1. Sort region 247-301 into rounded, prolate or oblate with this rule: let a ≥ b ≥ c be the square roots of the eigenvalues of the Cα gyration tensor; rounded if a/c is under 1.5, and if a/c is not under 1.5, prolate when a/b is larger than b/c, oblate otherwise.
2. Report the Cα centroid-to-centroid distance between region 2-49 and region 132-201 in angstrom, as an integer.
3. Sorted from largest to smallest, which semi-axis lengths in Å does the alpha carbon gyration tensor of the chain give for its equivalent ellipsoid, taking the root of 5 times each eigenvalue?
4. Which is the longest part of the chain that has none of the chymotrypsin sites (Phe, Trp or Tyr not before Pro) sitting in a DSSP loop with at most 12 other Cβ atoms within 10 Å?
5. Hey, got a sec? Which GluC sites (Glu not before Pro) in region 503-562 land in a DSSP loop and have at most 15 other Cβ atoms within 10 Å?
6. Given the DSSP H assignment, sum -39500 (n - 2.57) over each helix run of at least 4 residues in the chain and divide by its residue total; what's the result at 222 nm in deg cm²/dmol, nearest 500?
7. Counting only protein heavy atoms and using a 1.4 Å probe, what share of the accessible area of the chain belongs to carbon plus sulfur, as a whole percent?
8. Which FRET efficiency value, to the nearest 0.05, do you get for His556 and Trp592 by plugging their Cβ-Cβ distance into 1/(1 + (r/R0)^6) with R0 = 60 Å?
Amino acid sequence: SCDASHLCNCSSMGLEFIPPGLTAKITVLNLAHNRIKHIQSQDLQQAVNLKTLLLQSNEISSIDEDSFQSLEKLELLDLSNNSLAHLSPVWFGHLFSLQHLHLQGNSYRDLGQSSPFSRLRNLSSLHLGNPQFSVIRQGNFEGIEFLHKLWIDGSNLSQYEQGSLKSIKEINHMIINLRNSNIFSEIIRDLVHSVTWLEVAEIKLPVEKKSLVQNSTRPFRIQKLTFKEALFTDQSISQTIVSLKEVTSLKELQAINCALEGKGIWNTKEIARSRQSFVETITIIKAVIQNFHLFFDLEGMESQINKLKRLTIASSNVFMVPCNLARNFSSLLYLDFHDNLLANNRLNETICERSWPSLQTLNLSQNSLKSLELTAEYILRLPKLNNLDISQNNFVEIPDECKWPKHLKYLNLSSTQIPKVTACIPESLEVLDVSGNNLKEFGRRLPSLKELYLTRNQLKTLPGAAPFPNLVSLSVRRNKLNSFSKEEFESFRRMELLDASDNNFICSCEFLSFVHHEARLAQVLVGWPDKYVCDSPLAVRGAQVGAVHLSLMECHRSLVVSLICVLVFLVILLLVAVGYKYHVVWYLRMTWAWLQAKRKPKRAPPKDVCYDAFVSYSENDSEWVENTMVQELEQACPPFRLCLHKRDFVPGKWIVDNIIDSIEKSRKTLFVLSEHFVQSEWCKYELDFSHFRLFDENNDAAILILLEPIQSKAIPKRFCKLRKIMNTKTYLEWPLEEEQQQVFWFNLKIALRS
């Protein structure tokens, strides 16, 4: 149950005793919410470095006297909500470092005859008491000189010996539940010199003529007095006001969840005759007044309020302040009437001419105001007003123009249902809150504005920076913002805080590029990076904007498509160029011609044979063919009919068709082979178009004439059939000697006639 920091959490494990084997390494031991009944001497003996021991909510009823003897470094001990029937000073005798001790919620009725805490010189906070706790005796707090916080559950405290708390010289904050009003005054008298802030809960204030500070000498320390869930009557509140005036150090009064049985019929004459009050701040929250609408106007209290500086009356059904009373709050700087029943028809009385003359801050939020125009008209009567909160009123409409106090710097119009922003918003503002109004745009020029809050609206883009040249803080949280650009961000030159969290961001490449490369963004964005999440594209929905990286294709789709199109075009262009250079079109047409030729019979009918031989030769060998071979063969007896492409091809007909037709109409095909022949593309075509028939190994239709010596290895690979035939069949070789030429012609003629 222990982690690396030596914190051992054994809470809620059903333990009935402290587990054995605790060592000096443990610094925090949590044994809360178990069923431990008894703490023995040896249980904690080895845990000498323990600083926090949590034993609350067990069933502890007994502790051996030396159980905590080894815990000299212990700083927090919580024994609350157990079954301890008494407290022994011996338990705490060696806890020299103890700062926080919680003993509330046990069953002891008192603290004993002496002080259980006399050795706890470093104690800072002490929690005591329970529903059975009934007696506080003198000497119970001996040894304690200073406490930051003292909490006593004395809801059933019935006996308090005067001076019991006086031994504590200084208490910053004391909380006491006290139902017995008879001992309230005695406790106050003991505490006015030591406590700074006193909270009293559940008290029903007594009607007591006796002075609260009787026989007490100044100076007093108490500055703040809070009543929680207390019950006042008209008589007790009047006497309390008079009594508290004697506590000259008292500056602040609070009443929270208190009830008043009465109608405000206070003894104003006696209050007025008493000394001047030194209280500067009064806070009343959730005051319950039966028949509050019958409450009197507190006439006669005017002289008692002229020194008051801060007044809060919230959630208390206030619907009006009489004009005469309002005019006497001459020193009031801060007024908070939030969550009440103030309406426009009563606001005219509450803020009448010359009322609240020094007021600087006014909170009228969560009331029943309906007209912003009338509200502004009444508030104009407060010449020194700087800060105004009229949020959560149902204004619905906003006029085109309004007049406000000329020094107004802060205005809160959030959740007021205004549909737009007009010139009704004063140009003097430094802080404006129009959150929660479903605004779709914001264009009001506010040259002095430093903070703008536009949370929970319908904005799709950041507002322009030009109307707010001095803007330092902007909140557009929970709008319909999809993104914002570098230009928009940098246009706010003085921006220090931008809260654009909880929007549905479209994580486009432009937006992500800006986010990843803008170093200042992390310093300015509030909630970055946790609260900035992508809504689209779907693949990254729910991911943090700062962690998303899109691919090149996703980021530059149009560019990639354009590049692909250009690349395809270039490839096509290249293929066309290559095809043009290497006659690919001819090859394609040749292939088509092959397919057609293969469907034809291998030999043309005898009636269609027109030539004895089709002559395939290179143009470079034309002189020999035309002047030598043609004359020799066509002038022979009988003459041979030869087909020459120059002479016999049909004009206008596709050359491939001419070649195929000529080969088919000739009994033989003469190939005049030379170096020029194997380099000629046309000869290659003629050879290719005829090889499937002429170069069949069992076919003798081809006659090869070797015009000049060439090696078969020197023949290009594209003439694969020619190379094969030359290696397997006999060919005629043109001799250079004249005497052998006659033999050549003789053999050629025999081959043509065969």
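1. Since a/c reaches 1.5 but b/c is at least a/b, the shape of region 247-301 is classed as oblate.
2. One Cα centre to the other: 33 Å.
3. 113, 41, 18
4. Excluding the exposed sites themselves, the longest stretch runs over 1-581.
5. When the GluC sites (Glu not before Pro) of region 503-562 are filtered for loop state and at most 15 Cβ neighbours within 10 Å, Glu518 remain.
6. On the way: 19 runs with 170 residues, N = 754.
Theoretical 222 nm ellipticity from helices: -6500 deg cm²/dmol.
7. 51
8. Working: r = 43 Å, r/R0 = 0.71.
E between His556 and Trp592, to the nearest 0.05, is 0.90.
The values are calculated or read from the model by the stated rules, or taken from the named source; none is laboratory data. Small disclaimer: the values here were computed from a predicted structure and weren't measured. Neighbour counts run over all protein chains shown; Cβ positions are idealised from the backbone, glycine included. Keep in mind that these areas ignore ligands, DNA and RNA; they rest on the heavy atoms of the full protein, side chains included. Shrake-Rupley method; radii C 1.70, N 1.55, O 1.52, S 1.80 Å.
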